[in-house]
1. Is there a pair in A:LYS18/B:LYS56; A:LYS83/B:LYS78; B:LYS78/B:LYS202; A:LYS18/B:LYS188 whose C-alpha atoms are over 30 Å apart, and which pairs would that be?
2. For a quick protection proxy, order the peptides A:64-77, B:93-106 by their average other-Cβ count within 10 Å, most packed first.
3. If we sort B:43-50, B:59-66, B:149-156 on the protection proxy, mean other Cβ atoms within 10 Å, highest first, what's the order?
4. Hey, what's the Kirkwood Rh for the range B:156-199 if you take every pair of different alpha carbons, in angstrom?
5. Work out the mean other chain Cβ neighbour count within 10 Å for the residues of B:146-158 and drop it here as an integer.
6. Compute the separation of the alpha-carbon centres of the range B:31-92 and the range A:37-85 and state it in Å as a whole number.
7. For the range A:1-60, take every pair of Cα atoms, bin their distances at 5 Å starting from 0, and report each bin as a whole percent.
8. What percent does the relative contact order of the range A:30-111 come to when contacts are Cα pairs within less than 8 Å and at least six residues apart?
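Each value in this text was obtained by applying a stated rule to the coordinates, not by laboratory testing. No experiment lies behind these values; they were computed from the predicted model shown. Positions of Cβ are generated from backbone atoms using ideal geometry, with glycine treated the same way; all protein chains shown enter the neighbour counts.
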Amino acid sequence: MSNAFERLRQRVLAEVDKERAAATHQPVDPARRLGTFLQASLGNLGIPRHEFASRLDVERDYADVLLDGDLSASEIHDDLLQKIAQIVDYEPNLLRIMLGRSALAAGDASNTAPPSLSGTHR
Amino acid sequence: MADEMLPQTGTRTDLTMAVDENWIALLRQLDSAAWDMLLRLYADELRRGIQASLTKRGMPLVLADDVEQETWLTAVRKIDSFRWESADKLFRWLRAISVNHVLAYQRWQHTELLTDETDDAEQEEHLERFYNLFNQNQRSVEDEIAWREQLAAIDRAMRELRPQEREILLRRLMGETPREIAAAFNLKARSVSTLLLRAKEKIEAHLLLGLLDAKEKDDV
C-alpha cells in the first residue's frame, strides 16, 4: 500500500468518523447560543443583568429567560434583536446569524451599527 | 458493524460482485470498514479516471491528489443521495463527482485555488475547536466552562474587528466555508482565509489573557 493511498485512506476515514459524529450529535439550540453569547458580551462590557433588563425595557425575569436561552428562538422578534444589538454594540445581523436567520444586505438601515449605549464599551 | 457483510479478500471482480444494497446501507451508516473497502476497491481506478480527465483538459496532473481527496470527501458527505442499482452505477457516481471537481478546478485559477486549499485546511485545523464548541449542544461541565471562556474571548476579538470582518468570523463559526463566505461578500477566498487566521489569533490572544486574569485573581 503506497503512502499516498494511506494518507488518502486516513483522511477519508476521518471524514467518515466526523460525519457519523455529526449525524448523532444534537444540533445546538440557537436561542441558547444567543443567550450564552449575550451573557459573555454583557460580562465583557460590565453590564449586569438588571441593567440589561432596564435598557431593554423588559422585566428582569424576561431578561433572565432570554439570557439563559430559555426563550424560544421564534419568540425573539427582530425589533427585540435590534434593541439587544444596540445594547451590546453589535450589528443586528450578527445576532440574526447567531439565531440561524438570514442576514440583511449590508446597505440595509436596520443592520447599521447603532450608537453605543453600553457606556463601558472599550 | 456487520463485518460479515463486507467483502474481506479476493480479486477486484470478487469484491465488485460483493458490492450490493446491504453494503451501500453500511456506507450510508458511515461504517468505517465499509468505506475502507470501497476505497480499496475503487481508489486506483478512480485515480486513473481523474488523471485522464485532467489530461483531457490540459490541466496539471499535480491536481490529481486534491481532486481525488475532494471526490472521496464529497462521496462520504453525499452518500445518502446515492440510489443503489449496481456496482457499476456506484463507480459511475464516484466518477461523476470527480469530474465535477475537475470542472470546478478548471473554472478557478489554479494558482489561487491551490493557495486557498492550503489556507482552508489551516483554518479547519485552527478554528475547529471554536467551531465545535459554537455548534455543540450537549456539553460536559468542563466543556461548558470552556464554552463560556471561549465565547468571552470571541466577543472581545469581535470588538476589535470591523463590522464586515465580524460577520465573516461569525459565519465561519456557524459552519459556512471560506469559499461560501467569499461568494456572499464578493471577496477572494484567500482574503477570507487570511482574515479568519487573524481573527483566530485575536481569539487565542484573548483566551490567554483571560486565563492570565483568572490566575491573577486566584493568586490574590
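1. On the way: A:LYS18/B:LYS56 34 Å; A:LYS83/B:LYS78 41 Å; B:LYS78/B:LYS202 35 Å; A:LYS18/B:LYS188 28 Å.
Pairs exceeding the cut-off: A:LYS18/B:LYS56; A:LYS83/B:LYS78; B:LYS78/B:LYS202.
2. On the way: A:64-77: 15.4, B:93-106: 17.4.
Going by the mean number of other Cβ atoms within 10 Å, highest first, we get B:93-106, A:64-77.
3. Working: B:43-50: 17.4, B:59-66: 15.0, B:149-156: 21.1.
Descending packing order for the listed peptides: B:149-156, B:43-50, B:59-66.
4. Numbers: mean 1/r = 0.0989 Å⁻¹.
Radius from the Kirkwood sum: 10.1 Å.
5. Numbers: counts 0, 3, 5, 1, 1, 9, 6, 2, 3, 11, 4, 0, 5.
Counting Cβ atoms of other protein chains within 10 Å of each residue's Cβ and averaging gives 4.
6. 49 Å
7. 4, 14, 12, 13, 9, 7, 8, 8, 8, 7, 5, 3, 2, 1
8. Working: 78 pairs, mean separation 27.6, N = 82.
Relative contact order, the range A:30-111: 34 percent.
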